[in-house]
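The structure under discussion appears below in the form of structure tokens.
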């Protein structure tokens, strides 16, 4: 929210101190916290499965890790798309942001670059999920009779 509300400010607003945070550092902190959130989700998943020992490296090799990370990457992309920036064509015509009386930390080009980077990560997590979905099978023994008609396919 802070990045969205203070990325694009007038130079007067910047001088008055409306931008209270280093937005680039804030973005990096948010991305680090999203990785921690995935680990917390993994810990909760383990607890709900009755596991009381969490192995971070083992979890990172699971499909749940891929699901949680893909979701985080896609959420970050959605949030980046909401950050207001100056129109590059208008900025170019007017001779830059400073000539327009505006200041932006994340330009549209920088946001596009961040989105591209996150999309690549999301695609990798999606590909890992797809591989899991196509190569994983389950052997059902004790409930097979109850689901005979459903399993016949």
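The values are calculated or read from the model by the stated rules, or taken from the named source; none is laboratory data. This one's a predicted model, so the numbers in the text were calculated from it and none came from an experiment. Every residue, glycine as well, gets a Cβ built from its backbone with ideal geometry; the counts of neighbours run over all protein chains shown.
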So for the stretch 62-76 (the condition being over 19 Å from residue 32 (Cα atoms), out of contact with any strand residue (DSSP E or B) (no Cβ under 9 Å at 6 or more places or on another chain) and surrounded by fewer than 17 Cβ atoms within 10 Å (Cβ to Cβ)), does at least one residue qualify? yes
Per-region count, the stretch 12-26, residues under 26 Å from residue 99 (Cβ atoms), in contact with a helix residue (DSSP H, G or I) (Cβ under 8 Å, 6 or more places away or on another chain) and assigned to a helix (DSSP H, G or I): 1
Test of understanding: among 126, 103, which residue is in contact (Cβ under 8 Å) with a residue 12 or more places away in the chain and farther than 24 Å from residue 26 by Cβ? 126
Qualifying positions in the stretch 92-110 - in a loop (DSSP other than H, G, I, E, B) and either at pLDDT below 85 or out of contact with any helix residue (DSSP H, G or I) (no Cβ under 7 Å at 6 or more places or on another chain) (or both): 95, 96, 97, 107
Being out of contact with any helix residue (DSSP H, G or I) (no Cβ under 6 Å at 6 or more places or on another chain), free of Cβ contacts under 8 Å to residues at least 24 places away in the same chain, assigned to a helix (DSSP H, G or I) and within 30 Å of residue 7 (Cα to Cα), is that true of even one residue in the stretch 57-67? no
What number of residues in the stretch 78-89 are under 17 Å from the mean Cα position of the chain (by Cα), crowded, with 18+ Cβ neighbours inside 10 Å and either modelled with pLDDT under 95 or part of a helix (DSSP H, G or I) (or both)? 1
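Has the stretch 110-123 got any residue that is surrounded by 12 or more Cβ atoms within 10 Å (Cβ to Cβ), within 22 Å of residue 14 (Cβ to Cβ) and touching a strand residue (DSSP E or B) at 6+ places or on another chain (Cβ under 8 Å)? Write out each step before concluding.
Within the stretch 110-123, the subset surrounded by 12 or more Cβ atoms within 10 Å (Cβ to Cβ) is 110-115, 117-119, 121-123.
Then drop every residue that is not within 22 Å of residue 14 (Cβ to Cβ), which leaves 110-111, 114.
The next check asks that each one be touching a strand residue (DSSP E or B) at 6+ places or on another chain (Cβ under 8 Å); those that pass are none.
No, there is no match, as no residue in the stretch 110-123 is surrounded by 12 or more Cβ atoms within 10 Å (Cβ to Cβ), within 22 Å of residue 14 (Cβ to Cβ) and touching a strand residue (DSSP E or B) at 6+ places or on another chain (Cβ under 8 Å).
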Can you pull out the residues in the stretch 12-39 that are over 22 Å from residue 119 (Cβ atoms) and surrounded by 12 or more Cβ atoms within 10 Å (Cβ to Cβ)? 13, 14, 18, 19, 21, 39
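Which residues, taken from the stretch 1-11, are modelled with pLDDT under 90 and either surrounded by 15 or more Cβ atoms within 10 Å (Cβ to Cβ) or in a helix (DSSP H, G or I) (or both)? Working first, answer last.
Start the filter on the stretch 1-11 by keeping residues that are modelled with pLDDT under 90, which leaves 1-2.
Hit for the stretch 1-11 is 2, nothing else.
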